[in-house]
Amino acid sequence: MTDLCLHFAPGACSRVPLIALETIGVPFYTQIMRFMKGEHKSSQFKNLNPSGKIPVLVVNGTPIPQNVAILIWLSKTYPQANLLPESNSSLIQAQVLSALVRFSADLHPLVTRIRMPHFFCDLEGAPQRVVDMATMSMSEQLESIEADLLSQPWMLGDHWSVIDAYLHWVWFRITGAGFDPAPFPAITAHYSRTLEMPAVQRAISRENDAEALLQSEGLMPRF
Ligand SMILES: N[C@@H](CCC(=O)N[C@@H](CS)C(=O)NCC(=O)O)C(=O)O
């Protein structure tokens, strides 16, 4: 049996592969990242991901860092879970990859600016400006997603994919930081639909358990 360990933290973007793993239903275990102890900066963890970031999925001892790489590996390894649509057309494959990478390369960095603006500029008053500018860019990005979701239930059409799990996480993080949901009713409804999915509920439950543990250790990060 394949040995799968996901390095994750409550609230972090590791929720996306966590949802993917829960959707597949394969046995896996988890390793909680203790950011407050600087574990992500340790040489031990950097052997798994030189960028010092989660998620990392360790497969039979071999690490896969980066959300996109993890999600594609899971999708190809467990095709029955339909995490991403399969196609023999390289053009369609490229379109699906493009939709996924949009989240990791375009939207995700904006989430980071909205949640942790001091990582980008710590001059007095600057973090708020970072938030404001990232919020404007995020709103622009979300306009096209809102338009799509007004005519289809999921990001790629009629069928859920892990791209919907990525949108779920983006929305969770930005609305949790005060982003105004009012102009985006279709995305709000999409988020509600994802919350009803058992795999999403199991992923959140794992995060809640991890959060309780980190709280008890005084190591729950505010990020
Ligand atoms: N490109 C990476 C980004 C991962 C990422 O930003 N992870 C955050 C948590 S959401 C992290 O570990 N941050 C720690 C840090 O930057 O020090 C991916 O898609 O996996």
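The values are calculated or read from the model by the stated rules, or taken from the named source; none is laboratory data. Just so it is clear, the model here is predicted, and its values are computed rather than measured. Cβ coordinates were reconstructed from backbone atoms using ideal geometry, including for glycine residues, and neighbour counts include every protein chain displayed.
Tabulated results
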read-out: Elements of type helices (runs of 4 or more DSSP H) contained in the range 112-223, each with 2 or more residues being under 23 Å from VAL26 (Cβ atoms) and among the small types (Gly, Ala, Ser); value: 198-217
read-out: Residue satisfying condition, being over 15 Å from ILE187 (Cα atoms), at pLDDT 95 or above, more than 16 Å from the ligand (Cβ to nearest atom) and within 19 Å of the chain's Cα centre (by Cα), within set SER89, SER137; value: SER137
read-out: Test for PHE103: is it more than 23 Å from ALA210 (Cα to Cα), out of contact with any Ser or Thr (no Cβ under 9 Å at 6 or more places or on another chain) and touching a residue at least 40 places away in the same chain (Cβ under 8 Å); value: yes
read-out: Qualifying positions in the range 38-84 - polar (S, T, N, Q), more than 17 Å from the chain's Cα centre (by Cα) and outside any loop (DSSP other than H, G, I, E, B); value: SER43, GLN44, THR62, THR77, GLN80
read-out: Failed item in (1) under 14 Å from SER161 (Cα atoms); (2) within 13 Å of the ligand (Cβ to nearest atom); (3) among the aromatic types (Phe, Trp, Tyr), with TYR78 passing the rest; value: (2)
read-out: Scope the range 35-68; condition farther than 27 Å from ALA81 by Cα, more than 8 Å from the ligand (Cβ to nearest atom) and surrounded by fewer than 18 Cβ atoms within 10 Å (Cβ to Cβ); matching residues; value: MET36, LYS37, GLY38, SER42, SER43, GLN44, LYS46, ASN47, PRO50
read-out: Extreme residue, farthest from the ligand (Cβ to nearest atom), among residues of the range 11-31 that are assigned to a loop (DSSP other than H, G, I, E, B) and in contact (Cβ under 8 Å) with a residue 40 or more places away in the chain; value: GLY25
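Yes or no, residue by residue, for (1) under 29 Å from SER87 (Cβ atoms); (2) surrounded by 14 or more Cβ atoms within 10 Å (Cβ to Cβ):
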| site | (1), (2) |
| --- | --- |
| PHE119 | no, no |
| GLU124 | no, no |
| SER139 | no, yes |
| TYR166 | yes, yes |
| VAL170 | yes, yes |
| TYR191 | yes, yes |
| ALA203 | yes, yes |
| SER216 | no, no |
